[in-house]
Each structure stands twice: as structure tokens, then as C-alpha cells.
1. Output the Kirkwood hydrodynamic radius of the chain, Cα pairs only, in Å rounded to one decimal.
2. 7 Å from Cα along Cα→Cβ at both residue 408 and residue 331: what's the point-to-point distance in nm?
3. Computed FRET efficiency, Cβ-Cβ of residue 390 and residue 418, R0 22 Å: what is it to the nearest 0.05?
4. Suppose we take every Cα in the range 358-406 and form the convex hull; what volume per residue is that in Å³?
5. Express as a percent, rounded to the nearest 5, the fraction of DSSP beta bridges in the chain (both residues included) that run antiparallel.
6. For residue 180, which sequence-distant residues (separation of 5 or more, or a different chain) have an amide H within less than 5 Å of its own amide H, given hydrogens modelled in the peptide plane?
7. Per residue of the range 237-253, in order, report the coupling 6.51 cos²θ - 1.76 cosθ + 1.60 (Karplus, θ = phi - 60°) as ³J(HN,Hα) in whole Hz, putting x for Gly and Pro.
8. Report the relative contact order of the chain, percent, no decimals, based on alpha-carbon pairs under 8 angstrom and at least 6 residues apart.
Amino acid sequence: MVLDGGVRTAQGGRMLIGGAPVRVVRLSAAGARAVGRWRAGAAPAGAAERALARRLVDGGLAHPLPPPAAPPSGEADIVVPVRDRTRALGPLLAAVRADLPDVGVLVVDDASADRAGTARVAAEHGARLVRRESCGGPAAARNTGLAACRSPFVAFLDSDCVPDPGWLRRLLGHFADPGVGAAAPRILPARDGSGGVLARFEAARSPLDMGPAPARVAPGGPVSYVPSAALVVRRAACPGGFDPDMPVGEDVDLVWRLADAGWAVRYEPAAAVRHAHRTRLGPLLRRRFDYGTSAGPLALRHGARVAPAVVSPWSGAAIALAAAGRPVGAAAVLAAAAALLVRRTGRAGPAVPAAEAARLVGLGTLGTARWLAASVARAWWPAALPAALASRRAAALLAAAALAPPLAEWADRRPPLDPLTWTALCLAADGAYAAGVWTGAAAARTPIPLLPVLSPARSAVH
């Protein structure tokens, strides 16, 4: 087990601060010693330590590091949905067979035009083939494969992916925990990012890459979903599979339904799958638009979870005052929020130190400001543009909100692109996504994907 990278300690190691949402965990002397041993590489020992470990993992303050598990024969199947991608299918199946010669592989042909070619490639690599008579899309094809499997674990791989060796063993290790319903690897570019401008942009900012840190996947968390391009599920956890009525966003829907049913979903970046990212501008922007259209159907199924931003009253007030040119008022609001945090955490024991409370409130407000600014490009620019055209002040605020997030990203990530190119591509990709959000919201007749959510429950932190 490993503590989350964002966890901080106080009170001589007797207090942990972190998780998502941020929480304070007080430890006994024995608990603090146990955490110290875990940080040194030891595993939880005994019922009390395992209970503490479960508490930290469930709260997002720690992450399990299970050993890889070799899948026994008949314990796992791999489902590959495909439609007219025979050239990509061969390398995928070859990589799977080289790494996992005894695992069953099922290719679901979603009504390809070249059925003979798909059948030939599947046969060359010893994969079973199931044919659909009509094209139902990736979700329906995965469901067809899921229904044809009998193993307790099913891994889905899209046909434009190639897994790294050991990927499935890494993910299956998480299922030793009976509460885990799904696990997903990190999705990296098939190329190393040294190609053209768009290849380098996608390598640094792919919506399929959830980053280098392990996480519990949950709505509103640092990793709120994982893509279905590569996903392993416990078959008993999702007997209905994906929603076939969702051509995009079906992975988000499945993960959130699993969370609602009480299942844990793990993101494991130590397992990796390579994906053939788009390297032409038109297809890249079209795919971002498609992703945005899922916001409407997701809103009908999951409500305000798809809100473009979540704002606490404290952060909202401080940001509004700062934007209005009243920094003293903003500072006073933040000071009051920090004082309230100290008071609230002190009711049941030692309080969070004042300096730590100020840090939490400040970072939470900064994060909210970045979130709101990013939402201008990813959701609100169609509504903000008329105001910007009518007012110089509104235009300046819109420009600052649009430019600040990609420039901050560039400073954080240092991608192999100059800041101007990076910012232009970020704005184009986010603008396409926003157009999709508006299109999806209009089609679903719901404003939910466009409205921020006020969250008083997080006011002490954010």
C-alpha cells in the first residue's frame, strides 16, 4: 500500500490530511506507527492495521499495491470489439497472445464490411469470433462479448490498442479485494510523442490518459472515470454491461453505476496499454466534439455529476471579490474560511494547524479558480462570447479565463511544444468539446451540463 501523493501529515504524524474530498484522519499512536511502516514498504499486518488501511483506501488517502496475479485458465477472457480495422487487429491479437497464451480471446465483429478479413485475422491468432448482424456501436459489441463469456473477469480492449506485457496480471491483482468491480490501466500513445505537432499534443494531453498516479475512480474525484478502450471488470459486478444507447460516454456511465452500487473501481498506471491517437486536426476535433455530446445523456442519467464546475460559497465569494478588484475582501473571506476549518476540525480532537488550514483553503480556492477558468473554454464560451463582444472588461476577463488554464498546464507539464502552439491547440480542442456539450445538452433538453453546482459540503476545504 502507498499513501496518496497529496496526503500531508500534522501533529507529529498523528493526523493525515488528504483524500477526495479532502478529509482529516486522526491516528492513534499505533496507527501512526503503522503508517510509518507502510511508508517504508511494509504491508498492513493484523486486523487493526487492515481496518485502518481500508479506511484510508476508501477515503482516497492511500492506494493498494497488490502483486500481479497470473490468470488461471478459465478465470479471465479478453473481448475485442472491432469494425473494419483488420490492420490494427493483428498487432493487438499478436501482443495479447505473446503475453497471455492461455487466456481466451473473443473478437466481436460489429457488422464489418470486410467480414472475411476480420475472420481471417482472428483465426490466425486463435481467437474466437462472434459476428453481429447489424452495427450497434462499441457498447453493444462489448455487451455481445460479455454475454458470450463465462469467466469471472472480462477485459475489454479496443482494436486500436496494443497492451504492454503484464498489463492484465497487474490489473487482476486488484480483484483480490472482493469489493473491486473494475480496474483500468494507463492509456499511453502508441508513438513516443516525438512525431508531428499533433502527435506530441495528444501524447501530452490525451483525454484517455488519466495520469501517472494510482487512484480510486469515483464521481468528483481526481480520476472521475476511466475509458473503456482498456478496462477489466468483474462479471458479477456488471451483468448488464454498457448502455448500448450511448455511442460515447458509455464508460463514464458504467463506472458511475458501479460506484453507485458500492463497487470500487481502481486506476492502475503501472499497467499500460498503447493507443493509436489521432494525429490529424479534423479527426481530433471531431472526437473531442463527440465526447462533449455525451454530457446531455449523462446528465439525464446522473444529474449534476456532469456539472462543469463545483464551487463552495467561500471559494465563490473570494473569487468574485478578486475578479471585482477587491483583493482585501477576498483575503478576508479566505481567512474566515481557514478559521472555520480550524474550529470545525477541533470539535472532536486536535484541530488542523492554522498554517495547514490556510494552505488547504488557499489551494482549494486556487483549484476552483482554475476549474472555473477551464470551464469557460470547455463549456461556457458560446454564452460568454456575446458579453465579450459588448464589453471591453468582459472581453478582458474572458481572454484571461481562456488563456490562463492552458498556460498553467504548459508550465506544469512542460510538453514538447512551444507555449503558443500548445495554447492554440488546447483552445481548439476545448472549444470543440464545448460545442459538443451544448449540442448534447440541447438534444437531451437539459441545461445541467452547463450549470455550475454550489457545494456547501466542501466549504471548509474549498
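1. Values: mean 1/r = 0.0418 Å⁻¹.
Evaluated on the chain, it is 23.9 Å.
2. 2.1
3. Working: r = 33 Å, r/R0 = 1.50.
After rounding, the FRET efficiency stands at 0.10.
4. Working: hull volume 3.5 nm³, N = 49.
Taking the convex hull of the Cα positions in the range 358-406, it is 71 Å³ per residue.
5. Details: 21 of 47 bridges.
Among the beta bridges of the chain, antiparallel pairing accounts for roughly 45 percent.
6. For residue 180, the qualifying residues are 264.
7. Using θ = phi - 60°, the values come out as 7, 9, x, x, x, 7, 7, x, 7, 10, x, 9, x, 5, 6, 4, 4 Hz.
8. Working: 835 pairs, mean separation 67.0, N = 462.
The normalised contact order for the chain reaches 15 percent.
Readers should treat all values here as calculations from the given coordinates under stated rules, not as data from a laboratory. Bear in mind the structure is a predicted one, so any value in this text is a computation, not a measurement. Here Cβ is always computed from backbone atoms with ideal geometry, including for glycine, and neighbour counts include all displayed protein chains.
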